[in-house]
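Novice: Quick one: the structure is below, questions incoming.
The values are calculated or read from the model by the stated rules, or taken from the named source; none is laboratory data. As the structure is a computational prediction, the values presented were derived from the model and not from experiment. For neighbour counting, all protein chains shown are included, and Cβ atoms are generated from backbone atoms with ideal geometry for every residue, glycine included.
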Ligand code: WQD
């Protein structure tokens, strides 16, 4: 009887999910991925296996790690299909990434966002409860802080009303999971509030693969760097920041993934609700990112100053002390490394997983 814990990862074929699967496998967990592939590719799972097989061969992962991941294509709204996965093996904890996540799209399609993200979470928690699994790590976001009153942001900063349905789903799911624990103290809930995840695994085999024109800065910059897009649009240079452009706390997706493993390791045997920021504690401007990416790709990147984007805030970055003190985790990689790894992925896979 294996004493390896089994983690079910919803949305595990996605950008953050796939990177987290690599770290879970390398840390000796069994992984079961459920993903409907609506915004991801099964190729990511194949590449996760390849990355971990290389780590195994190099003695950097436990024997058998690469074959300790299973994949089921399903939408968590499909209760019977999800329940069958829990029937197939005991699940010790769930990391919940699955959800629509495009801010602009959520404004155009609120019903689809609330149904997919909220009802999906209701079904997930109900099936978990039915199978006696009450440990969940939720992929939340610094977006719940809205326009901060001050920076750096600690976990005690107040949650603010969201400015779009996507942000509301993060806000509401945090509340739903908190209420679940209040009603049944056996629930073990960790709410990880991500700042701005960017970068890619150093192998260049997995990375961010947005559909259509990227909404987020770094995938857009990467596509300019590889020649798929003309120039970066800088959304405003009149913010009250050092160079006038927006400041964010960019965190390497591998650091973020390792934060999930640290959270799972910490959760053993506890119950409660814990909010934890996952950021570096360092703010970088849009122009900082563009120049770091120029260093990574080795050529200048054209950009034009455009009007501010509706709903954007001037600045946010984390106070990462709680994650360091509670989980023994802190981000290791700097902005240059994030851009180097992002460039390796983008230049090696100009069309993402479609290549
Ligand atoms: C970063 C900075 C823009 C694009 C959002 C969500 C958050 C999370 C991450 C999903 C800002 C500027 C951007 C561009 C630009 N979402 N920018 N030109 O808005 O901080 O966070 O994505 O997981 O929940 O809110 O990220 O990358 O869109 O913007 O100048 O083409 O880059 O104004 O200052 P954001 P972003």
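Novice: Of all residues in the range 11-69, how many are touching a residue at least 24 places away in the same chain (Cβ under 8 Å) and assigned to a helix (DSSP H, G or I)? First the steps, then the outcome.
Specialist: Going residue by residue through the range 11-69, those that are touching a residue at least 24 places away in the same chain (Cβ under 8 Å) are 11-45, 47-48, 50-52, 54-55, 60-62, 65-66, 68-69.
Filter again for assigned to a helix (DSSP H, G or I), leaving 15-26, 42-45, 47-48, 50-52, 54-55, 65-66.
The total comes to 25.
Novice: Restricting to the range 310-330, name every residue that is more than 16 Å from the ligand (Cβ to nearest atom) and assigned to a loop (DSSP other than H, G, I, E, B). Show your work before the answer.
Specialist: Residues of the range 310-330 that are more than 16 Å from the ligand (Cβ to nearest atom), as a first pass: 319-330.
319, 320, 328, 329, 330, listed by residue number.
Novice: Let me ask another. Has the range 155-167 got any residue that is in contact with a helix residue (DSSP H, G or I) (Cβ under 6 Å, 6 or more places away or on another chain), closer than 21 Å to residue 339 by Cα, modelled with pLDDT of 95 or more and surrounded by fewer than 17 Cβ atoms within 10 Å (Cβ to Cβ)?
Specialist: no
Novice: Here's something else I'd like to know. For the structure I just gave you, tell me whether residue 88 is more than 30 Å from residue 310 (Cα to Cα), without any contact (Cβ under 8 Å) to a residue 60 or more places away in the chain and out of contact with any helix residue (DSSP H, G or I) (no Cβ under 7 Å at 6 or more places or on another chain).
Specialist: On the way: more than 30 Å from residue 310 (Cα to Cα): yes; without any contact (Cβ under 8 Å) to a residue 60 or more places away in the chain: yes; out of contact with any helix residue (DSSP H, G or I) (no Cβ under 7 Å at 6 or more places or on another chain): yes.
Against the criterion (more than 30 Å from residue 310 (Cα to Cα), without any contact (Cβ under 8 Å) to a residue 60 or more places away in the chain and out of contact with any helix residue (DSSP H, G or I) (no Cβ under 7 Å at 6 or more places or on another chain)), residue 88 qualifies.
Novice: Okay, next question. Take the residues in the range 232-259 that are within 10 Å of the ligand (Cβ to nearest atom) and either modelled with pLDDT under 95 or in contact with a helix residue (DSSP H, G or I) (Cβ under 7 Å, 6 or more places away or on another chain) (or both); name whichever of them is farthest from residue 150 (Cα to Cα). I'd like the intermediate steps shown before the answer.
Specialist: First pass over the range 232-259, keeping only residues within 10 Å of the ligand (Cβ to nearest atom): 232-237, 239, 241, 245-250.
Now drop any that are not either modelled with pLDDT under 95 or in contact with a helix residue (DSSP H, G or I) (Cβ under 7 Å, 6 or more places away or on another chain) (or both), which leaves 232, 234, 245-246, 250.
Values: 232: 29, 234: 24, 245: 17, 246: 15, 250: 18 Å.
Ranking the qualifying residues of the range 232-259, first place goes to 232.
Novice: I'd like to know if the range 99-110 contains one or more residues that are under 21 Å from residue 262 (Cβ atoms) and within 12 Å of the ligand (Cβ to nearest atom). Give the steps one after another, and end with the answer.
Specialist: Going residue by residue through the range 99-110, those that are under 21 Å from residue 262 (Cβ atoms) are none.
Taking every residue of the range 99-110 in turn, none turns out to be under 21 Å from residue 262 (Cβ atoms) and within 12 Å of the ligand (Cβ to nearest atom).
Novice: From the residues in the range 236-256 that are under 23 Å from the mean Cα position of the chain (by Cα) and not in a helix (DSSP H, G or I), which one is nearest to residue 202 (Cα to Cα)? Walk me through it before giving the result.
Specialist: Initially, the range 236-256 is screened for residues under 23 Å from the mean Cα position of the chain (by Cα), giving 246-256.
Now restrict to residues that are not in a helix (DSSP H, G or I): 246-252.
On the way: 246: 27, 247: 25, 248: 23, 249: 20, 250: 17, 251: 14, 252: 11 Å.
So, considering only residues that are under 23 Å from the mean Cα position of the chain (by Cα) and not in a helix (DSSP H, G or I), the one nearest to residue 202 (Cα to Cα) is 252.
Novice: Additional query: Would you mind telling me which numbered condition in (1) in contact with a helix residue (DSSP H, G or I) (Cβ under 8 Å, 6 or more places away or on another chain); (2) under 15 Å from residue 131 (Cα atoms); (3) not in a helix (DSSP H, G or I) residue 83 fails?
Specialist: Failed condition: (3).
Novice: Let me ask something else about it. Going by what's in this entry, would residue 18 be described as closer than 24 Å to residue 196 by Cα, modelled with pLDDT of 95 or more and within 16 Å of the ligand (Cβ to nearest atom)? Before the answer, list the steps.
Specialist: On the way: closer than 24 Å to residue 196 by Cα: yes; modelled with pLDDT of 95 or more: yes; within 16 Å of the ligand (Cβ to nearest atom): yes.
Taking the combined requirement at face value, the residue satisfies it.
Novice: Another one. Within the range 335-355, can you find the residues that are surrounded by fewer than 18 Cβ atoms within 10 Å (Cβ to Cβ), in contact (Cβ under 8 Å) with a residue 12 or more places away in the chain and assigned to a loop (DSSP other than H, G, I, E, B)?
Specialist: Within the range 335-355, just 350 meets the criteria.
Novice: Here is a follow-up. Which of the following residues is under 26 Å from residue 160 (Cα atoms) and surrounded by fewer than 21 Cβ atoms within 10 Å (Cβ to Cβ): 294, 325, 332, 300?
Specialist: Values: 294 fails: under 26 Å from residue 160 (Cα atoms); 332 fails: under 26 Å from residue 160 (Cα atoms); 300 fails: under 26 Å from residue 160 (Cα atoms).
Selected residue: 325, the only one of 294, 325, 332, 300 that is under 26 Å from residue 160 (Cα atoms) and surrounded by fewer than 21 Cβ atoms within 10 Å (Cβ to Cβ).
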